[in-house]
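Worksheet: one structure, shown below.
The values are calculated or read from the model by the stated rules, or taken from the named source; none is laboratory data. Keep in mind the model is a prediction, meaning the values are calculated, not measured. Here the Cβ positions follow ideal geometry from the backbone for every residue, glycine too, while neighbour counts run over all protein chains shown.
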Amino acid sequence: MSEQVVETQEASAEPSAETKNAENQHMIPKNRFDEINEANKKLQARLDALETESQKRLETQLAEQGKYKELAEERAQKLAEAQAKADQLEATQAVLSNHLKAQIEEIPEDNRSLIPDTLPVEQQLDWITRNRAKLIKPAAPNIGAGQRGGSGEQTVNLTAEEMEIAKRFKMSPEEYAKFK
């Protein structure tokens, strides 16, 4: 047994030729190592530069986003103003529509078909305004044609004599003026 232990110790003390060959296969020549190491350093430097540039871009974008935030706030304000104007426009449109209906009701039914209904409300109102004289016939003046006497009550001033006569006949001055 002791012979086996001595042989094993001798074998482990001296590397065999196979072991030396295997170690040489895994070794890299110094000049190749320096090339790879130099390329690695260059790539690391480039990576660091790109990361720095990327960080600067991100900071710039964040700074610009601050401006975009201002721009977004400005646009939100303009949108609110536009919404207020749109609401006002809708209210005005409703009023104009009601006014148009009232204008159309004033026009005789036989002339209502002359109004172009394909136009928007404001253009219809404009058309009615321009053609109102043609659409609505003016009312004839009341000249009392066919009536006797004047229309309405007339005030008659009675003289002192006429007042006495009205008293004698037991009439009021208005009654006497009526028969006069």
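In region 68-87, is there at least one residue being hydrophobic (A, V, I, L, M, F, W, C), surrounded by 10 or more Cβ atoms within 10 Å (Cβ to Cβ) and closer than 29 Å to ALA139 by Cα? Scanning region 68-87 turns up no residue that is hydrophobic (A, V, I, L, M, F, W, C), surrounded by 10 or more Cβ atoms within 10 Å (Cβ to Cβ) and closer than 29 Å to ALA139 by Cα. Could you give every pair whose Cβ atoms fall below 7 Å, whose first residue belongs to region 115-128 and is touching a residue at least 24 places away in the same chain (Cβ under 8 Å), and whose second residue is of a type in the set (Lys, Arg) and part of a helix (DSSP H, G or I), counting only separations of at least 6 or pairs across chains? Here the result reads none, with nothing in region 115-128 linked to a residue that is of a type in the set (Lys, Arg) and part of a helix (DSSP H, G or I). Say whether the condition of being exposed (fewer than 10 other Cβ atoms within 10 Å of the Cβ) and at pLDDT below 85 is met by at least one residue in region 96-111. So far as region 96-111 goes, no, none of its residues is exposed (fewer than 10 other Cβ atoms within 10 Å of the Cβ) and at pLDDT below 85. Of the residues in region 91-113, how many are aliphatic (A, V, I, L, M) and over 36 Å from the mean Cα position of the chain (by Cα)? The number of residues fulfilling the criteria is 1. Listed by first and then second residue, the pairs linking a residue in region 32-57 that is surrounded by 10 or more Cβ atoms within 10 Å (Cβ to Cβ) to a residue that is outside any helix (DSSP H, G or I), with Cβ atoms under 9 Å apart and 6 or more places separating them unless they lie on different chains, are ILE36/ILE28.
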